[in-house]
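Have a look at the structure below before the remarks.
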Amino acid sequence: MDMDILSLATCFLLIIFSKISNAVNMISPSDSLADGMKLVSNDGSFEMGFFTPGSSKNRYLGIWYGNIPMQSRTVVWVANRINPINDSTGLLKIETTGRVVLQGQNRTAVWSSTNSSTQGVGNPILQLLDSGNLVVRDANDGDHSENYLWQSFDYPTDTQLPGMKMGWDLRINLSRRLAAWKNPDDPSPGDLTYGIELQGNPELVIRQGSVKRYRSGLWNGDGFGGAPIYRSNQVFTYDFVWNEDEVYYIYFLKDKSVMSRVFLNQTKGVKERYTWKPNTQNWTLFTVHPDDSCDIYGPCGANGNCDTSKFPFCQCLKTFKPKSPERWNSSDWSQGCIHNKPLNCQGGDGFIRLQSVKTPDTPNSLVNKSMDLKECRARCLQNCSCMAYTTLNITGRGSGCAMWFGDLMDIKQYESNVQELYIRVSASESEELKSKHKMKHALIISTLLAVPLGLLVVVYYIRRSRGNLKDEDHNEDLELEVFELGTISRATDGFSSNNKLGQGDKTRCKVLDWAKRFQIICGIARGLLYLHQDSRLRIIHRDLKAGNVLLDSKMNPKISDFGLARTFGGDQTEANTNRVVGTYGYMAPEYAIDGLFSVKSDVFSFGILLLEIISATKNRGFSHPDHRGNLIEHAWRLWKKGKPLEVADNFLVDTGNESEILRCIHISLLCVQQHPEERPTMSLVVLMLGSENELPPPKQPGFLLQNSTPFEIDSSSGNHGLSSSKNEVTLSLLEPR
């Protein structure tokens, strides 16, 4: 009988022990957590207990992920990281006051929670939440109360978890910051730290000891200037809160089944973000900071601009020069740059705009959330020490003001538009750059305006010694900007390649997947529809081609170069000319032969362009081993054989929407019909692109501009002259219309 009682008691104790060690997520003042026991969050995501790191013999109380293999155990928080326990006598308790105490040998306290906010606790408990946050709360408040009396999230170690605030509680002067483990065997704080610094405009900063290694850049309302690409990532979303009570950065997972953590790596001196890959059962690096030479703090010294796309990556800001040319040329950029011309505050300095940058370091900066950009400029101009300014919040119409004083440190250049910075320069340099910019802008302004948002025709010509040429195609009612060759040369720095707008990189063709190409196709179609139908005057472009369609940073197409455009008024639908102008490979047959142009000649050009976008091949210059025809003829041959998709760029068929690709090929063949009346209008083209209605069968296109017999007209033998280009550059722009 005694044995039975003993057995029952043993079983009872084992059950209690099992509940505490494997299933319990909280303890009360009547409980304790000994070495060998653990708390487990409700959903099993996190566990807390005692562990020994690496080759160490010390014991620590920590929290780790509970739903990954033990051999991959990842500790995210350590209580007694400064005071380890050298045996297995560790014991965790919560007192009736709500104070949490970790005891070691001889019940000596080796760590305890702060108890400044735990007065008057009715029924305190210590609980491990599913977020990995260890909290002290009053059990009487209910399970869903967030009225925590203490929480481990306020005292992070080397890891930031989702929902954890990184920053300051200004009400109690509490700073939440990460400090890396000294090494994998020792969780005591190393010298690598990460947190928010409050001087000037608050920023997230990584320091190695007292030395800055990385900073996040200005929070502009949409993201951090030093990490512009992470706003649209698929893993996490984040926010930055800045008010009179708190300043903090916080992130949340978009998919709660994903595990992602921010980790400070002492060995590498970087901040890393990892995500857990269930299929490989390991952590995968997602982001790292600093991640390149320009991410490291201040590599180019004062007033330098770091640009990884250039060699060397350190450049002086515009209107600045190296302070020590000898050192600069030997790749020692530490002394930075100085103004080319001295400032004259009393004489009225000016500003130049620097686009797409990580704004300067903030210790010597001021912010004003109520000013607008105009007021910001005026205030900066009044202070002779103010060297730069910008909009504080770029969302909406923009608001607020940030100003920098003294040398500008740690500026980084980006390709995409992140933040503008207005830099103080001498008045003469400001005016010189403005004039230069206006000239350059006049030459390329049509590339900056997207139809149908607006239309600006820019025509220029070069005066020749024999006088100005005249042409009946010249629009008399247009005010033409006239530039001397010398003016154009100065505006382009002697036609420097640095002012070249750019050209396609074949190795990156797969960036333009079908979805992007279809977006471009539809955008061009809507732009032409605006010109033909929705504009106050009907406009015929007459030179639509690949080179005259530009893409912005979001791949939105912009129809440019209206130097050959003609306007129709009233019911006018077509016209003719004695001088045919345009580009080989895009001109409609009736225009090239008879000089007749209409909206349908633009439709023909659109059909060619559509086929080129689909095939990633130019119409003119196309070659095929089986025939000598151009791209149109090749597409028609494949259509007749029932293999139209073979004309498409190879990877599009495998990754794109086949029915959409096939429909666009069909539409392109309808647009390049021999006779204008058989081609659709652009309004019908837009409708066909956006619907799934059955399309009429195309007829055989006119193979006007075949490679074997390029069409030419002798202007001396008839009424028409042909002004065109075999390399798709419209040479006729050099003559007045």
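State the number of residues belonging to the range 234-292 that are at positive phi and of a type in the set (Gly, Ala, Ser). Please lay out each step first, then the result.
Let us first name the residues in the range 234-292 that are at positive phi, namely 269, 281.
Within this subset, residues satisfying the condition of being of a type in the set (Gly, Ala, Ser) are 269.
Summing the residues that are at positive phi and of a type in the set (Gly, Ala, Ser) in the range 234-292 gives 1.
Counting residues in the range 41-48 that are closer than 30 Å to PRO278 by Cβ and without any contact (Cβ under 8 Å) to a residue 60 or more places away in the chain gives one or more.
Can you tell me which of THR284, THR280, THR308 is in contact (Cβ under 8 Å) with a residue 12 or more places away in the chain and hydroxyl-bearing (Ser, Thr, Tyr)? I'd like the intermediate steps shown before the answer.
Values: THR284 fails: in contact (Cβ under 8 Å) with a residue 12 or more places away in the chain; THR280 fails: in contact (Cβ under 8 Å) with a residue 12 or more places away in the chain.
None of the others qualify; the one that does is THR308.
If you go through the range 216-230 one residue at a time, do you hit one that is part of a strand (DSSP E or B) and more than 23 Å from LEU170 (Cα to Cα)? For the range 216-230, residues part of a strand (DSSP E or B) and more than 23 Å from LEU170 (Cα to Cα): absent. Selection of the range 214-249 for residues being more than 17 Å from GLN160 (Cβ to Cβ) and of a type in the set (A, V, I, L, M) yields LEU218, ILE229. Pairs are defined by a Cβ separation below 8 Å, a sequence spacing of at least 6 or placement on different chains, a first member in the range 668-684 that is assigned by TED's automatic domain parsing to the domain that holds LEU528, and a second member that is among the polar types (S, T, N, Q) and part of a loop (DSSP other than H, G, I, E, B); the pairs so defined are GLN674/GLN700; ARG679/GLN673. Do we have any residue at all in the range 84-97 that's out of contact with any Lys or Arg (no Cβ under 8 Å at 6 or more places or on another chain) and without any contact (Cβ under 8 Å) to a residue 60 or more places away in the chain? Looking through the range 84-97, at least one residue is out of contact with any Lys or Arg (no Cβ under 8 Å at 6 or more places or on another chain) and without any contact (Cβ under 8 Å) to a residue 60 or more places away in the chain.
Picking from residues in the range 234-253 that are over 14 Å from GLY223 (Cβ atoms) and under 18 Å from the mean Cα position of the chain (by Cα), the one that is modelled with the lowest pLDDT is GLN234.
Tell me which residues, restricted to the range 249-282, are part of a loop (DSSP other than H, G, I, E, B) and over 16 Å from SER131 (Cβ atoms). First the steps, then the outcome.
So the first thing to find is which residues in the range 249-282 are part of a loop (DSSP other than H, G, I, E, B), and the list is 254-259, 266-269, 278-281.
Scanning the range 249-282 gives GLN266, THR267, LYS268, GLY269, PRO278, ASN279, THR280, GLN281.
Is it the case that SER32 is touching a Lys or Arg at 6+ places or on another chain (Cβ under 8 Å), at pLDDT below 90 and either among the acidic types (Asp, Glu) or surrounded by 15 or more Cβ atoms within 10 Å (Cβ to Cβ) (or both)? So SER32 fails the test.
Checked against (1) more than 31 Å from the chain's Cα centre (by Cα); (2) under 13 Å from LEU408 (Cβ atoms), THR319 passes all but condition (1). So, GLY209, is that one at pLDDT 95 or above, over 18 Å from the mean Cα position of the chain (by Cα) and under 17 Å from HIS289 (Cβ atoms) or not? Against the criterion (at pLDDT 95 or above, over 18 Å from the mean Cα position of the chain (by Cα) and under 17 Å from HIS289 (Cβ atoms)), GLY209 does not qualify. At least 2 residues being under 30 Å from ASP292 (Cα atoms) and among the hydroxyl-bearing types (Ser, Thr, Tyr) is the threshold, and among the strands (runs of 3 or more DSSP E) wholly inside the range 338-428 those reaching it are 386-393.
If you check GLU590, GLU612 for being over 23 Å from MET688 (Cα atoms) and assigned to a helix (DSSP H, G or I), only one passes: GLU590.
So is VAL110 in the same structural domain as GLY66 (by TED's automatic domain parsing), modelled with pLDDT of 90 or more and in contact with a strand residue (DSSP E or B) (Cβ under 6 Å, 6 or more places away or on another chain) or not? Please lay out each step first, then the result.
Details: in the same structural domain as GLY66 (by TED's automatic domain parsing): yes; modelled with pLDDT of 90 or more: yes; in contact with a strand residue (DSSP E or B) (Cβ under 6 Å, 6 or more places away or on another chain): yes.
For VAL110, the condition - in the same structural domain as GLY66 (by TED's automatic domain parsing), modelled with pLDDT of 90 or more and in contact with a strand residue (DSSP E or B) (Cβ under 6 Å, 6 or more places away or on another chain) - is met.
Scanning the range 176-203 for residues that are more than 16 Å from GLY217 (Cα to Cα) and either in contact with an Asp or Glu (Cβ under 8 Å, 6 or more places away or on another chain) or in a loop (DSSP other than H, G, I, E, B) (or both) yields ARG176, ARG177, LEU178, ALA179, ALA180, TRP181, PRO184, ASP185, PRO187.
Could you tell me whether any residue of the range 105-128 is under 16 Å from PRO29 (Cα atoms), surrounded by 22 or more Cβ atoms within 10 Å (Cβ to Cβ) and touching a Leu at 6+ places or on another chain (Cβ under 6 Å)? Yes, the range 105-128 has at least one match. Residues that are in a strand (DSSP E or B) and either at positive phi or among the acidic types (Asp, Glu) (or both) do occur in the range 155-173, at least one of them.
The single condition among (1) within 19 Å of THR287 (Cβ to Cβ); (2) buried (at least 21 other Cβ atoms within 10 Å of the Cβ); (3) touching a residue at least 24 places away in the same chain (Cβ under 8 Å) that TRP219 does not satisfy is (3).
Restricting to the range 131-162, name every residue that is β-branched (Val, Ile, Thr) and over 16 Å from SER28 (Cβ atoms). Write out each step before concluding.
So in the range 131-162, the residues β-branched (Val, Ile, Thr) come out as 135-136, 157, 159.
Passing the criteria: THR157, THR159.
The set of residues from the range 527-560 being in contact with a strand residue (DSSP E or B) (Cβ under 9 Å, 6 or more places away or on another chain), in a helix (DSSP H, G or I) and of a type outside the set (Ser, Thr, Tyr) comprises GLY527, LEU528, LEU531, HIS532, ASN548. Pairing residues of the range 142-163 that are polar (S, T, N, Q) with residues that are modelled with pLDDT under 95 and surrounded by fewer than 18 Cβ atoms within 10 Å (Cβ to Cβ), at Cβ distances under 8 Å and at least 6 apart in sequence or on separate chains, gives ASN147/ASP141.
The values are calculated or read from the model by the stated rules, or taken from the named source; none is laboratory data. On a predicted model such as this, the values are computed, not experimentally measured, just so you know. When we count neighbours, we look across all protein chains shown, and the Cβ atoms used for this are built from the backbone with ideal geometry, even at glycine.
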